[in-house]
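Working notes for the structure below.
Quick note: the coordinates plus some simple rules give every number you see, no bench work behind them. In this text the structure is predicted, and so the values were computed from the model without any measurement. No Cβ is skipped: glycine too gets one built from the backbone with ideal geometry, and neighbour counts run over all protein chains shown.
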Amino acid sequence: MRFQDNWSPATLVSTRDLAAGIREFILRPDDYACAPYPVGSHIKVSVLVGGQPDVRSYSLVGDADPRGYRIAVRFAEDSRGGSRYLWSLQQGARLEVTSPTSLLQVDWQRPHYCLVAGGIGITPLVGAAQALIRKTPNVSLHYAVRSQDDAAYLEELSSLLGDRLAVYAADQSQRLDLSGLFAGLPAGAAVLFCGPMRMLDAARSAWAACGRQPADLSYETFGSSGRLSTEPFKVRLRDSGEEIVVPRDRSMLDVLNAAGHEVMADCRRGECGVCAVDVVEVEGEIDHRDVFFSAEQKHESRKLCACVSRAHGVVTIDTLERADAL
C-alpha cells in the first residue's frame, strides 16, 4: 500500500466561513509538529454518518500552518454526509485525523505552470501556487466559479499572484475557455488541475486536442463530483446472486466490506485503483467518479473504483471470491 495511515487524536481549533457554503476548519493533532508536507497532500478525517463511523479525505490548504491542518469543506446536500457532520462540529470538538499523504507529482524544472481550479477544487491549488511561486514567477491560476460569492481564498490568492490570477464567474457570463488557454501555453508548460468530473473531462479533451503530452496534465478531483445524482443503487455478486443496497450516504467499498467481502483499498479518493472491482453486467448506468481509469476504460465499464464510483440501477460485480476456495 502506498498509504500507511497514521491516525492521531485532534482538536477542532477554529472554523470560519470562506464563501457561500464553504467553511474552513483548523484541525490540530495532539502530536502536531507543523512539519512541511508535499504539494497536493490530503488528510483523512474520522466522521460520523448516520451514527456510524466513517472516513473522508480532504486536501490540505496552503503551506504547513502553525495552528494545525487547514482544510476547507463545501456543504453538499447531494453527498454521503461527511460535510454535514463536519459542519455540525463546534470549536473544541475531538476527532481523529491521519498524517498528510500525496499522489501528486510535480516536475519542478518546467518553464511555466498553469493551475486550473473549479469550485472547491481550489483547495489543493493554494499550496501548489505558494510552492511554485517560490521557484518561478511563471505561474498562473485560472479559477472557475458559479459566482464571485462562491470563490474561496480570493484575497490570499490575489495577494500572492496579482494579475496572474484569473477568475471566471458563470453568473457574470464569464467562461473559462480551456482549449484557448491550453493552446496559448508555452512549450513544456505543465498544468495542475482540480475540479469536478465534467470539468476534468473537458480539460483532458482540450489538452489532447492541443497535442500536449498526457503526462504534462496532472489532476485531482473529488468523489462527490459525479455526472449523476447521488442515490441508492444495488450491487449484485455474480457467483452468489446476493444483492446489496448501497445507500446514498455510504460508498460501495464500505458496504461491501461491511458485508464481509473484504475489498482492498488504499487512497479512498479514486486515485490509486487498489479498490477496483470487475464489472460483469450493468442494468442502468455507472457513474465513474475516479481519476484512475482512462476515458476509454470508463466507457467500457469493465471495472470501477468502489471507493468513489456509484451507479443508477444494478451493477453485477465479480469479487473473485469462490465458494470452492473457502
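Amide H to amide H distances under 5 Å link SER309 with ARG289, where only residues 5 or more positions off or on other chains count and H is placed in the peptide plane.
From the C-alpha gyration tensor of the stretch 21-70, pull out the three semi-axes of the equivalent ellipsoid (sqrt of 5λ each), sorted largest to smallest, in whole Å.
On the way: eigenvalues 92, 32, 23 Å².
In descending order the semi-axes read 21, 13, 11 Å.
For the chain, DSSP calls about 65 percent of its internal beta bridges antiparallel.
Span-like helix criteria (full DSSP H runs; alpha carbon extent of at least 15 Å along the helix axis; mean Kyte-Doolittle hydropathy of at least 1.0) are satisfied in the chain by 123-133.
Mind sorting THR316, THR123, THR101, THR136 by how few other Cβ atoms lie within 10 Å of their own Cβ, fewest first?
THR136, THR316, THR101, THR123
For the stretch 260-265, backbone phi angles converted through the Karplus equation (6.51, -1.76, 1.60; θ = phi - 60°) give residue-by-residue couplings of x, 9, 6, 7, 5, 8 Hz, Gly and Pro being listed as x. Counting only Cα atoms, the chain measures 63, 50, 37 Å along its principal axes, largest extent leading. With Cα atoms as the point set, the radius of gyration and Dmax of the stretch 7-98 evaluate to 12.4, 36 Å. Only DSSP H runs of four or more residues enter the estimate; each adds -39500 (n - 2.57), and after division by the residues of the chain the mean residue ellipticity at 222 nm equals -5000 deg cm²/dmol.
Computed from backbone phi, the HN-Hα couplings of the stretch 29-36 come to x, 4, 9, 5, 10, 6, 7, x Hz, rounded to whole numbers (Karplus: 6.51 cos²θ - 1.76 cosθ + 1.60, θ = phi - 60°; Gly and Pro given as x). Relative to the Cα centre, the charge distribution of the chain, modelled as +1 at Lys and Arg Cβ and -1 at Asp and Glu Cβ, gives a dipole magnitude of about 660 debye. Each of CYS34, CYS114 was scored by other Cβ atoms within 10 Å of its Cβ. Listed from fewest to most, they are CYS34, CYS114. Dividing the convex hull volume of the alpha carbon atoms of the stretch 259-309 by its residue count gives 80 Å³ per residue.
For the stretch 113-220, the Kirkwood estimate of hydrodynamic radius, built from reciprocal distances between every pair of different alpha carbons, is 13.9 Å. Note on HIS299, HIS261, HIS112: ascending count of other Cβ atoms within 10 Å places them as HIS299, HIS112, HIS261, the fewest first. With K and R counted +1 and D and E -1, the other residues having a Cβ less than 12 Å from that of TRP108 yield a net charge of +2.
Cross-link reach is defined here as a Cα-Cα straight distance under 21 Å, omitting same-chain residues fewer than 8 places apart; for LYS303 the lysines meeting it are LYS234.
State the Cα centre-to-centre distance between the stretch 1-46 and the stretch 96-126 in whole Å. Cα centroid to Cα centroid, the span is 15 Å.
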